[in-house]
Structure formats: structure tokens, C-alpha cells
Amino acid sequence: MMDAPTCEVRRPVQLDLLSEVLHSYSAERNGRVSNGVLYEQVASRAGIDPSEFSKKTPVGDAQQPHSLLARKVRWHQQTLKHAGILERIDGERGVWQLTQPAGKDLNRIGPNVAVVGFSTDLGVAILGACETVFSAIDSPITLCLTSPPYPLAKARNYGNPSEAAYVDWVCQQLEPIVKNLVRGGSIALNISNDVFLPGMPARSLYRERLILALHDRLGLFKMDEFPWHNPSKPPGPVRYASIDRTQLNVSWEPVYWLTNDPRAVRSDNRRVLREHTERHLRLMQNGGEQRDQVFSDGAYRVHPGRFGNQTDGKIPRNLLTYGHSCSDQRAYKRAARAAGLPAHGAPMPLALASFLIEFLSEPGDLIVDPFGGSFTTAKAAERLGRRWLSSECMLEYVLGGATRFYDALGFRQNLLLAA
Ligand SMILES: C[S@@+](CC[C@H](N)C(=O)[O-])C[C@H]1O[C@@H](n2cnc3c(N)ncnc32)[C@H](O)[C@@H]1O
């Protein structure tokens with residue numbers, strides 16, 4: 001892994017022409033631009049008079065005249081080269097290209113490169129493909145809480161594997177993590193249930209195949225399949241629910257909970273107890289049930305004194321209800337946009353990540369997320385005193401994610417500070 005320029009900061013990142021440089025490359029179909037054109041484009045995007053690039057100032061001991069603006073742009077080129085985003089084209093003077101053109105607003109790091117994006121006393125965010133990052137890591141992991149790109153027919157702007165390739169792909173990405181999972185450690189995997197067979201209102205069975213493959217190939221046991229009920233999910237699938245009327249609107253997604261050893265599993269529901277209801281508090285105060293009755297053909301019985309024990313709280317049920325929008329996500333989106341960065345379109349609610357982390361790990365444990373996105377898993381781990389490690393392959397998401405950690409102890413922004 002390579003070190004990037006490091007600087008300690010406790011303030012928003014000053015992109016300072018960086019986004020103009022990046023966008024000049026991503027606006028080209030082949031991601032390739034000569035320096036002359038780059039200067040023109042940066043000037044036009046930043047609203048600078050292009051003649052500013054020709055103004056020279058004496059620099060250094062030799063007082064050689066240089067354009068300070070052109071030097072700043074080239075400094076960004078070098079940083080992006082170290083981050084595996086840009087490369088110089090052999091044999092063509094002053095022409096650079098994106099290593100992996102990814103889309104309008106996003107730049108994907110090249111393969112086999114990884115750099116620290118930012119870090120805190122508790123965790124590290126790495127700009128890199130998870131296959132590169134986690135195959136190089138050898139630390140005991142207690143929980144992997146992640147949401148890989150879904151196998152959508154119409155990909156989001158960060159792309160996704162096809163449904164046919166999905167099972168192999170997810171198994172490959174998780175394999176190095178499962179190797180480092182402590183005994184009884186957990187994987188919590190949020191994927192979509194809304195992947196339909198081509199032209200039919202029938203759902204793909206890819207998730208059933210995935211869970212079987214995770215068991216057969218990686219030795220993981222299914223502990224549960226939590227429905228994440230999201231009351232604010234937009235209506236859909238539009239074609240089948242609103243047009244054909246053959247389906248209902250969706251309001252949940254699965255979060256699979258798997259472990260390598262159910263007998264030693266590290267979960268503990270006492271870490272996530274909810275407040276008792278007033279009714280239950282009264283029941284406990286009055287010594288519990290007064291009735292002696294049998295229900296459901298003998299399957300369920302209440303007897304005097306039942307529920308009379310004083311307990312610390314209510315054991316949560318396994319339906320997890322969290323709206324996708326929360327104040328933390330809104331603040332992240334505002335901060336990312338204010339820094340000229342795209343806000344992630346599929347963030348997990350912080351409260352859902354926090355619940356799973358508290359239930360499945362203890363303070364000080366290592367939590368990982370190979371598909372960092374807006375770094376929600378990392379943020380929840382940070383707040384809950386867990387160590388964390390997240391990777392994300394898109395530069396802009398790493399920069400945007402950093403905005404969520406400015407107040408964290410020991411925050412250091414390693415990537416892409418202004419010259
Ligand atoms: C569904 S999003 C994760 C959202 C995240 N849970 C959050 O709360 O913001 C999946 C993310 O994985 C990233 N990604 C896709 N392939 C990757 C890879 N091979 N390595 C690292 N990140 C990857 C995408 O850029 C995207 O940001």
C-alpha cells in the first residue's frame with residue numbers, strides 16, 4: 001500500500017481546483033486530455049481568465065519564471081496519479097488519462113492500488129477496491145457490516161455486477177474477510193430483494209443461491225434474515241405495482257446475519273434492549289400475570305407471576321424499522337455537496353448500522369465494511385467506540401465520507417488537500 005501526502009486538519013477539505021481537474025478528465029469520453037486543453041477546461045470550469053495560466057512568477061533559488069496556476073494543476077495531477085486515478089500516456093508528451101473512467105461525477109481507483117483516504121484514532125478509510133485492500137490485511141475481524149452494490153438491471157452510477165455473476169462476485173469479495181473473522185464473528189449483509197426475472201413480475205432467487213453459496217463455499221451459517229422495514233422507501237417496482245398492478249409496493253430489504261460459528265457467536269441482545277412499555281412496567285410492578293391460561297392449542301401459556309421479573313428492557317424483535325433518511329445522512333449530503341462532491345445515493349441509516357454493531361460486537365472490536373459508500377458503518381463504529389476499517393473504490397465518495405469525521409478524535413485527512 002502506498003502513502004499519500006498527509007496533513008493534519010480539522011476543517012473542510014479545500015478542493016481548490018481538484019474537482020475542476022478531475023471533471024476535465026471525466027467529461028471526455030475516453031478520459032484522456034492534454035495539458036493545454038486541461039488548463040483551458042480548468043479555467044472555464046473555475047471561471048478563471050485563461051490568460052492567468054500564462055502569467056509567470058520567479059520561483060526558487062534560480063528564480064525561474066513559472067506559472068503558479070499551472071503548477072497547482074500539475075500538483076493535483078501528481079496526487080491523482082499516486083491515488084491510482086490518473087496515468088500519463090506513454091510516448092505522448094503532456095497527455096494524461098483516467099485509469100478507469102467510471103461515470104460523470106465519479107472516479108474509480110485503478111486495480112492493485114490502495115491509499116489511505118482519512119483516518120481517526122479508531123479507524124481507517126481506504127481508497128481502494130476491497131479485493132485489493134482486504135487480501136492485504138491480517139487482523140481479527142469481529143463484524144463485517146456491508147451493503148455491496150445490488151445486481152440491478154439499471155446500474156447506479158457506481159456500477160454493479162450482473163445478477164448472473166453476483167453470487168461468485170460476492171463470495172470472492174467476502175472470502176478474505178471471512179478468513180480473518182474471529183470465532184463467532186458475524187457478517188451482516190444488506191442486499192436487495194427487488195431483482196426481477198427479465199420481463200416478469202417474479203423475483204430472482206439470487207439471494208437464496210447466495211446464502212447457500214456462502215454456507216457451502218465459505219462455511220458461514222445463517223443466523224437470521226432481518227427484514228429492514230423502511231417506511232420511507234419510494235413506491236416500486238413501478239412497472240409491476242403501479243402499471244401492471246400484479247405486485248405490491250415494496251417496503252423492506254433483507255439484512256442477512258451470518259456467522260462462522262453459531263455456538264460461539266458474539267451477539268448479545270442485552271446490548272440493544274429497548275425501553276419497556278408503560279404497560280409492561282406496570283405488569284412487572286404488580287408481580288406479573290394474574291391469569292392462568294393456555295393459548296394456541298397449548299403452544300403458549302401464561303401463568304400467575306409470568307413477566308413479573310424485573311428486567312432491564314425489552315428484547316427487540318427481529319423486524320428492523322428505520323426510515324432511510326436521517327439527520328446524520330442529511331448533514332453528510334449537505335457537506336458533500338458544499339465541497340463540490342456527489343452525495344452517495346444509497347446510504348444506510350446510521351441508526352440501523354448502529355443497532356447491528358451494538359448487537360453483534362463489543363467496544364474495541366474491529367468492524368469492517370468493504371463497500372464503504374458514504375462510510376455509514378465506519379461512522380456508527382466510531383460513535384460506538386469500535387475500531388473500523390472501510391474501503392471504497394470511488395475517490396469522490398471517500399472525500400465526501402471524510403466530511404462525517406471532522407470532529408472524530410485524531411482525524412487526519414490524507415488524500416487530496418490543496419497545494
Ligand atoms: C450500496 S453502496 C454502499 C452504501 C453504504 N452502505 C452507505 O451507507 O453509504 C456500495 C458501494 O460500494 C462501492 N464499490 C463497488 N465495488 C467496490 C469494490 N470492488 N471495492 C470497494 N468499493 C466498491 C461503490 O462505489 C458504492 O459506493
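The table that follows gives values for the structure above.
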quantity: Residue that is modelled with the highest pLDDT [pool: residues in segment 1-40 that are on the phi > 0 side of the Ramachandran plot and open to solvent by less than 30 Å² (accessible area, probe 1.4 Å)]; calculated: G31
quantity: Residues satisfying the stated conditions in segment 297-314, i.e. more than 25 Å from R274 (Cβ to Cβ) and not in a loop (DSSP other than H, G, I, E, B); calculated: D297, G298
quantity: Test result for P198, in contact with a helix residue (DSSP H, G or I) (Cβ under 7 Å, 6 or more places away or on another chain), at negative phi and either outside the structural domain of P370 (by TED's automatic domain parsing) or not in a strand (DSSP E or B) (or both); calculated: no
quantity: Verdict on L395 being within 29 Å of L86 (Cβ to Cβ) and in contact (Cβ under 8 Å) with a residue 60 or more places away in the chain; calculated: yes
quantity: Near pairs, Cβ below 6 angstrom, 6+ apart or cross-chain, from segment 190-202 (closer than 16 Å to P227 by Cα) to any residue that is among the hydroxyl-bearing types (S, T, Y) and within 14 Å of the ligand (Cβ to nearest atom); calculated: N190/S147; S192/Y150
quantity: Test for G184: is it small (G, A, S), in the same structural domain as E131 (by TED's automatic domain parsing), closer than 27 Å to D268 by Cβ and away from the ligand (no atom under 16 Å from the Cβ); calculated: yes
quantity: Test result for V255, in contact with a Gly (Cβ under 9 Å, 6 or more places away or on another chain), of a type in the set (A, V, I, L, M, F, W, C) and either open to solvent by 90 Å² or more (accessible area, probe 1.4 Å) or closer than 22 Å to P370 by Cα (or both); calculated: no
quantity: S139 being more than 16 Å from the ligand (Cβ to nearest atom), open to solvent by less than 50 Å² (accessible area, probe 1.4 Å), closer than 17 Å to S391 by Cα and of a type outside the set (F, W, Y); calculated: yes
quantity: Lone qualifier among G159, G123, G117 - being over 14 Å from V368 (Cα atoms) and open to solvent by less than 10 Å² (accessible area, probe 1.4 Å); calculated: G117
quantity: Breaking point among (1) within 26 Å of the chain's Cα centre (by Cα); (2) among the hydrophobic types (A, V, I, L, M, F, W, C); (3) open to solvent by 20 Å² or more (accessible area, probe 1.4 Å), for F355; calculated: (3)
quantity: Scan of segment 54-88 for residues that are of a type outside the set (S, T, N, Q) and open to solvent by less than 20 Å² (accessible area, probe 1.4 Å), ordered by number; calculated: A70, V73, H76, L80, A83, G84, I85, L86
quantity: Matching option when the condition is over 21 Å from A188 (Cβ atoms) and among the hydroxyl-bearing types (S, T, Y), among S267, S327, S251; calculated: S327
quantity: Residue that is farthest from T321 (Cα to Cα), among those in segment 262-282 that are open to solvent by 50 Å² or more (accessible area, probe 1.4 Å) and without any contact (Cβ under 8 Å) to a residue 40 or more places away in the chain; calculated: R282
quantity: Enumeration of residues in segment 327-346 that are part of a loop (DSSP other than H, G, I, E, B) and buried (at least 23 other Cβ atoms within 10 Å of the Cβ); calculated: L341, H344
quantity: Within segment 222-252, tally of residues that are in contact with a helix residue (DSSP H, G or I) (Cβ under 7 Å, 6 or more places away or on another chain) and either under 15 Å from P349 (Cα atoms) or surrounded by 17 or more Cβ atoms within 10 Å (Cβ to Cβ) (or both); calculated: 3
quantity: Complete set of residues in segment 352-387 that are more than 13 Å from the ligand (Cβ to nearest atom) and either within 18 Å of G128 (Cα to Cα) or free of Cβ contacts under 8 Å to residues at least 60 places away in the same chain (or both); calculated: P363, G364, R383, L384
quantity: Residue match in segment 93-102 (condition: in a helix (DSSP H, G or I) and open to solvent by less than 80 Å² (accessible area, probe 1.4 Å)); calculated: no
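The values are calculated or read from the model by the stated rules, or taken from the named source; none is laboratory data. What you are looking at is a predicted structure, and each value in this text was computed from that prediction instead of being measured. Backbone-built Cβ (ideal geometry, glycine too); neighbour counts: all protein chains shown. Surface accessibility is based on the protein's heavy atoms, side chains included, excluding ligands, DNA and RNA. Shrake-Rupley method; radii C 1.70, N 1.55, O 1.52, S 1.80 Å.
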